[in-house]
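Undergrad: Structure incoming, see below.
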Amino acid sequence: MAKKNSSTEKTEAPVVEQRVEGGEIRFIPGIPAEVKEIVARAGSRGELTQVMCLVLDGRDKNKAIRRNVKGPVQIGDILMLLETEIEAQRLGGGRRSSGSSGSKS
């Protein structure tokens, strides 16, 4: 495994990575986010829950993002996110405009 340069800035988002130091494996800590709203169920069998959560710490502090969560979740829970830059896609596809397929008389 290639070693990272020790001159990386502290403001970078944590990357999913593990470091081996003296025979120990150390994982980079997650970023806490509080569940504010349960949006919908997702997945082919409804095994995922899409939630809106507020990032509590890190570079994206106070940013509201949409995430997919596997397992039981309720409003007020704290999620530990490994990254806060990628947001889950909206479900349902949105509304379709009438465009040229609409019947106009």
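Undergrad: Does Lys61 satisfy the condition of being over 10 Å from the mean Cα position of the chain (by Cα), modelled with pLDDT of 90 or more and charged (D, E, K, R)?
TA: Yes: the conditions hold for Lys61.
Undergrad: Looking at the structure I just gave you, is Ile75 in a strand (DSSP E or B), of a type in the set (A, V, I, L, M) and more than 18 Å from Ile28 (Cβ to Cβ)?
TA: Criteria not met by Ile75.
Undergrad: Ok, one more. State the number of residues belonging to the range 50-67 that are within 11 Å of Glu37 (Cβ to Cβ) and not in a strand (DSSP E or B).
TA: Counting residues in the range 50-67 that are within 11 Å of Glu37 (Cβ to Cβ) and not in a strand (DSSP E or B) gives 0.
The values are calculated or read from the model by the stated rules, or taken from the named source; none is laboratory data. Note that the coordinates shown come from a computational prediction; the quantities given were computed from them, not determined experimentally. Note that each Cβ is placed from the backbone with ideal geometry, even for glycine, and that neighbours are counted across all protein chains shown.
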